[in-house]
Every structure is written in C-alpha cells, then in structure tokens.
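Report on one structure; see the data block that follows.
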Amino acid sequence: MMNWWNNYPWRVIQPNFREIDTQNFDEDRFIAELESFSCNAVMLNAAGLIASYPTELSEHIRSRYLDGFDLKHLVERCHEKGIRVIARTDFSKIPREVFERHPDWAYRHPDGSELDYNGYVQTCLMGGYQGGYMDEILKEMFTMIPLDGIYCNMGSATGYIVDYSMKRHGPCQCENCRAAFRSRFGMDIPEQLRPGDKTSMMYFGFQQEIASRQKKRITELLRTIRPDLAYCSVDYSRQEAHTDFNTELPHWQYQASSAARAMRGMGVEATVANVDFMGFPYRHTSCDRALQELRLWQTLSNFAGIDYYVMGRLYDKADKSTFPAVKRIFSYAAENEKYMYGIKPCGDILLVRDSYVMPNKEERGWVRMLTELHIFFDETLTGGLAKAELERYRAVILPDKFRVAGPAAEKLEAYVKGGGIVIAAGRLPSLACCGIVSAGKPAGDTTGAMFRLDGAGADIFPSFADRTFLIAGEDYFTAEFEDGTEKFGAWCEPERFGPPELCYAQKEPTDLPCATRFACGEGCGICLPWHPGTAYYTDGHEGFRLLVRDILENLCGVKSAGTDISPMTEVTHGCGDGFEVVHFVNGSGHFGNSYFEPPVLSDQTVEIPWAHEGAQVENLDEPGNVSWRLENGVLKLTVPKLGFHACIIIRPED
C-alpha cells in the first residue's frame, strides 16, 4: 500500500506556538483559521524543548500553560477536517533543570562550559538525550496522540552550532565526542573548523556518520510504533525560504525555486517553508507580501509543496498583512491540485549542489544564469549523483565540485562516454572525461586580469563578436589538460590600471584558456577553470551570462526556451498524466533589496517541443490570456499580459 505522503498535494501551515499560545486556546477559531487557508497539513508543537501534552516522563518538562489545551483532541479535530498533523519537535536543547540532573547530555565548549541560551542548554548528538532518551519521548507521544508524522527542528549535522543570535560555536568537546573521535582517528577534535583543513574534514565526516546512525535508529523506531508515520528528512524533505533583517546583499531571489528543485532532485517528497517573519529577532513582523507571493509561486512552479511558517496561533497574530495573499495562493493550489502536484520536470540540464542549505555563490550564479537564459534545468546534491538518472540530461554542471570522487565520479565518467556532457567550473574535479591532468593552483591576485575572446571562434562565441575582453573574476586556476583538449579564449595577466595613460597590455595573452572541451567516448567534458557563477552572482555583468549561453548552445546543443521574454520571468516545464504544464513567474518586482508587486509584462513567449499535430491550451490563472502557434514540432506559447503568475496547461488535440 502506498504511504499517505507519496504524491501528497502538500499545503502546509506551521503555526509555531510559543508556550503561552496554549493558554486560553480557542480551538474552534484555530480550526476555522486553518480551513480559511485551504491547507491539508498543519505542523503543531508537540515535544522536545517543551511538552505540549501531559507527558509522564520525568525529564520531558510539561508546559506550564496546558490548562484547557488538549493536543490529542486538536489533532482529532484536524483529522475530521481532512488535515494531516505533523509533530514539530526540537531535541537540540533541554531545560536548565534537566541539564543539572544530566550534565553528560550537553554540548561542551573547549573550556568545558555548556551552551545556555535563555535557560535552554544545547545537547550533543552523542549524549544520552539525543542518543536514547528522545526515543522514549517519541514512543510516548505517538502512542498517546494520533499524529501523522514528525519534523525535528535543528536536527542536521553541520559541524558547528549556531545559536539564536547567529553566533557560531565550534565542534562539541564533551567527553563522549572526544573519546570517540580519538578512538577513530587518534587525534583530538579541532576547536574550530577551517575550510580545507584535513582534521576539520575528518570531524565533519565523523559527525555525519553519527547523525546518519541516529536517523536510521529513529526511522526503525518510528516504523515499529506505526508504519504510516512520515519522518522528515527520510520520507519527505522540508527546507526554508527566508530573508532576515539586514540580510547580506545581493538578496537570493531564487531561494524557493532552487530549494524545490534540489529536494525533488534527491527523489523525496518536498515542501518549501515560506518563513513569514524577518529573522529570529523579529518573529512578529512579516516580510513583504510581494516577497512571500514570489516564494509561493516559485515553489508551486517548481512542482513542490507549499508551506507557510508563521509565529503564533493564527487567529490573534499581530501582523496579518500577508494572510490574504497566502490564502489566495493556497486556495489556487487546492482548486488546481491535479495540475500542481505529481508533475515530472522536463529539464535539459542537471545542476549539482553541495547541500540543501543555502547554495554557495558559484551555485547561485549558475542558478541565476540558467533561469534568466530560460533554460529548463533540475538540481540535485552531490550525495545524489550516484543514483541520479543522468541519461535524462544533455549536460551536468559541476560548480566548484572539486571533491567529486568514488561512485559519483564513476557515474559521471560513464555518462560522458555514453554521450553526455559534463561542465566543470571553478576548482576542477579529477575527472578523466574532462581531460584534466591536474586541477591546478590559484593564479594569485587576478585584479585586472581578463579573457581575450576575439580569437575564440565566431561560430562558438557569437555574443563576443563586438567585444574583445571579459572580466576574469576573482580566481583563476592554472589547470593542466590532456593533449587534444580544445582551448577557447586566453587568460591575460593583470595589467596596469592607472594612471590611464599606462593602461595597455605589456605582455601577450597566455596559453591559459577561458574554456576547454575534451572529447571522451560519445560525449565530452567542458571546463572553465575560474568562477563564472560567482562573478555573475556578485557583479551581474551580462558578459558572464552571454558566455554561458554561447557554451550551452554551441558546445552542448542546449537552446533557450525563449528569447522574446524578460530575463526576470522564470519559466518551468513539466509533464503530467495526459498533459504538459508551463509556469511563468514574474520576478521583475525584485529591485535591489526590496520586493514589489511586479509590473504587468507584455507578450511573454516561450517555445517547447511538441510531437502532436494540434493542441488544446488554457491559462489556469486567467482563461483566454494565452495564444499559441505550432511550427515544425515547436509549440510557441505567448502570455499577452503576465501579472505575478500564469500556469498554462497543454493537451494533445482530440
């Protein structure tokens, strides 16, 4: 029997209760508010830091505000309304009083002190709380209350601890951790983690192993309690899209889109939580309505479940300014459920990321370029490469993936030999299919360095017919390549840039390339031994985007889906049961660090391959606001007036 969460049309509301929110709780008003959002799942605080039910476990402290609040009854009421209930838990901390009875459960600084934040002490993965006592809490909670699943907050292993003031704390130095690490590696745990440091990498792998064992243990425990319990990070995945106050610029406007694609690419059910508030210090002030609309439309358009994370119990929230917009989009998703969920994306490119956590700058730059070039693409993590269906894609992009090895590397080598294309940028991996002899070292200070492209071939780089140079960005890596590797463009060493009278090259261009192509089997490997994604993300110069467009079109055979369309319109394409779907999301309301209602865009046109003789086309958002024509197996779709979003459904003509 299929588990309930498979292909579930997730529309989740997470009202994160404060401990006082269970006091004088109005169950009828709360249920009515949930219904007004058209949600079919809700996440309720249940266990961990504070028990929201009458626990009988001595070290699971019951909330002081449970008079009149009955979590079990609330869950049953939700079920009557067809709403699934996920338990929100947090085992990352324990109350001070519990720590004093069990000091060995706590995380420790190098000086042996614990990490206490407002009376709650950080726990350790290897301590007795996360290592066993939490199992007793889970057994009690799921035995007493008919919940449908669980979400564990702050449960990931990142190598360090981040407190609510966003201060980083180094690896745990408790006796359990130190003894286990010393036994395994014969050395002490580093006090701080440093990029590229061997011991730091050992510790990160060590912590990942511990976290994996815990996840396996909890999964087995939940299956024995009730097989129909959905476990977040195993049965489904959930990532947040958020913008804090004083966020570092530039804002990451494709956060929800990228998170949705990455989770889908790992083959799990996925929701992207649209965080209502402006960071930890401002939990009662909502982000701009236009920003929240953008995130929700991006999530739906990338075929993931929508999820709204808000503080409090909804009906008496201090800031309800975004409620109407959120409710409208949730209602839209409910009304058009069969077109929003269970859709298979039709990407030509697979972009590989390191982590579900915020993509790094090189990854973000590639996401921006592919999105703004209107090239359909999917994403996955390096951990999913070995299992990915690479044969579905024309090309796989590896942004700064210099550590790709083992089964993932073997999979990529076979993929290229079979006709695929790998594009590696930045620090290069040791892949034979890319013709890499040695990955190279940084060239030092590159300020003033440029690529000369006028001799690279007008048929390959037509975008540079009227321009000679391209900025080389912040890094260049002097890699060595196999004989027979084609080289395009030439790296010019930094020249003098002042006074103006002295601004001319004193040296000839080097033989170091801007890009390379190496034939391997039926496919090829393409290398850019610098950071084009980072350069585009941080500076936005169109030259980087145009270079990538030329490479994709003329070296990979991947065409843009639209040239008569704004770069700020995000387009996605997917296939359903008997129909295809194309989403348009108007992102032109993003300006600098603000988000506005986007201006209406005219005649946004994309092209998709269409193997049928005719088509039936409809616009779900605004019936009639679409035109189309079919030419030589290509369906050209035009939205005459694009507001925030349009979803176009295409069927073969009867």
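The values are calculated or read from the model by the stated rules, or taken from the named source; none is laboratory data. From a predicted model like this one, the values you see are computed outputs, not experimental measurements. With ideal geometry, Cβ positions are generated from the backbone for all residues, glycine too; neighbour counts draw on all protein chains shown.
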Task: the range 618-635, subset among the small types (Gly, Ala, Ser) and over 26 Å from ALA290 (Cβ atoms), residue surrounded by the most Cβ atoms within 10 Å (Cβ to Cβ) - done: SER627
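Let's see how each residue does on (1) assigned by TED's automatic domain parsing to the domain that holds SER237; (2) closer than 30 Å to VAL12 by Cα; (3) touching a helix residue (DSSP H, G or I) at 6+ places or on another chain (Cβ under 8 Å); (4) surrounded by fewer than 22 Cβ atoms within 10 Å (Cβ to Cβ):
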residue: ARG101; (1), (2), (3), (4): no, no, no, yes
residue: ALA106; (1), (2), (3), (4): no, no, yes, no
residue: ASP111; (1), (2), (3), (4): no, no, no, yes
residue: TYR117; (1), (2), (3), (4): no, yes, no, yes
residue: MET144; (1), (2), (3), (4): yes, yes, yes, yes
Open item on the list: Which condition from (1) surrounded by 15 or more Cβ atoms within 10 Å (Cβ to Cβ); (2) without any contact (Cβ under 8 Å) to a residue 60 or more places away in the chain; (3) among the small types (Gly, Ala, Ser) is the one that ALA179 breaks?
Closed with: (1)
TODO: Only residues that are hydrophobic (A, V, I, L, M, F, W, C) and within 27 Å of the chain's Cα centre (by Cα): list them for the range 2-33, please.
DONE: MET2, TRP4, TRP5, TRP10, VAL12, ILE13, PHE17
TODO: Go through the range 11-44 and count every residue that is outside any loop (DSSP other than H, G, I, E, B), in contact (Cβ under 8 Å) with a residue 40 or more places away in the chain and not basic (Lys, Arg).
DONE: 21
- [ ] Would you be able to say whether some residue in the range 587-603 is modelled with pLDDT of 95 or more, within 13 Å of LEU637 (Cβ to Cβ) and not assigned by TED's automatic domain parsing to the domain that holds TYR332?
- [x] yes
Open item on the list: Being at pLDDT below 95 and farther than 20 Å from GLN255 by Cβ narrows it down to one residue among VAL422, VAL404, VAL357, VAL416; which is it?
Closed with: VAL404
Open item on the list: I'm trying to understand the selection: among the residues of the range 560-580, which are crowded, with 16+ Cβ neighbours inside 10 Å, more than 22 Å from the chain's Cα centre (by Cα) and touching a residue at least 40 places away in the same chain (Cβ under 8 Å)?
Closed with: SER560, ALA561, GLY562, ILE565, GLY576, PHE579, GLU580
Open item on the list: For the range 340-391, give me the residue count where each residue is part of a strand (DSSP E or B) and aliphatic (A, V, I, L, M).
Closed with: 5
Task: Top-ranked residue of the range 273-329 - restricted to ones that are of a type in the set (Phe, Trp, Tyr) and under 18 Å from the mean Cα position of the chain (by Cα), ranked as farthest from ILE343 (Cα to Cα) - done: TYR309
TODO: Report, by residue number, each residue of the range 454-491 that is assigned to a strand (DSSP E or B) and over 23 Å from VAL558 (Cα atoms).
DONE: PHE469, ILE471, TYR476, PHE477, GLU480, PHE481, ALA490, TRP491
Open item on the list: Here is a check on your reading of the model: is ARG96 closer than 29 Å to ILE161 by Cα, surrounded by fewer than 21 Cβ atoms within 10 Å (Cβ to Cβ), outside the structural domain of TYR133 (by TED's automatic domain parsing) and among the charged types (D, E, K, R)?
Closed with: yes
TODO: Would you tally the residues in the range 589-617 being of a type outside the set (A, V, I, L, M, F, W, C), surrounded by fewer than 16 Cβ atoms within 10 Å (Cβ to Cβ) and closer than 24 Å to ARG328 by Cβ?
DONE: 4
- [ ] State the number of residues belonging to the range 65-114 that are in contact with an Asp or Glu (Cβ under 7 Å, 6 or more places away or on another chain) and of a type in the set (A, V, I, L, M).
- [x] 5
Task: Residue pairs meeting the criteria (Cβ under 9 Å; at least 6 apart or on separate chains; first on the phi > 0 side of the Ramachandran plot, in the range 308-333; second part of a helix (DSSP H, G or I) and surrounded by 16 or more Cβ atoms within 10 Å (Cβ to Cβ)) - done: GLY312/ASP21; LEU314/PHE30; LEU314/GLU33; LEU314/LEU34; LEU314/PHE323
- [ ] Among residues belonging to the range 520-554 that are out of contact with any strand residue (DSSP E or B) (no Cβ under 6 Å at 6 or more places or on another chain) and in a loop (DSSP other than H, G, I, E, B), point out the one that is nearest to TYR595 (Cα to Cα).
- [x] GLY540
Task: Of the criteria (1) in contact with a Cys (Cβ under 9 Å, 6 or more places away or on another chain); (2) under 21 Å from ILE343 (Cα atoms), which one VAL571 fails - done: (1)
- [ ] Report whether or not GLU379 is farther than 21 Å from ARG264 by Cβ, touching a Leu at 6+ places or on another chain (Cβ under 9 Å), at pLDDT 95 or above and not aliphatic (A, V, I, L, M).
- [x] no
TODO: Within the range 308-344, count every residue that is among the charged types (D, E, K, R) and within 29 Å of GLY576 (Cβ to Cβ).
DONE: 6
TODO: Report yes if some residue within the range 258-275 is without any contact (Cβ under 8 Å) to a residue 60 or more places away in the chain and out of contact with any strand residue (DSSP E or B) (no Cβ under 6 Å at 6 or more places or on another chain); otherwise report no.
DONE: no
Task: Matching option when the condition is surrounded by fewer than 21 Cβ atoms within 10 Å (Cβ to Cβ) and not hydroxyl-bearing (Ser, Thr, Tyr), among LEU249, LEU300, LEU294 - done: LEU249
Open item on the list: Looking at THR510, THR485 in this structure, which one is more than 25 Å from ILE349 (Cβ to Cβ), surrounded by fewer than 22 Cβ atoms within 10 Å (Cβ to Cβ) and of a type in the set (Ser, Thr, Tyr)?
Closed with: THR510
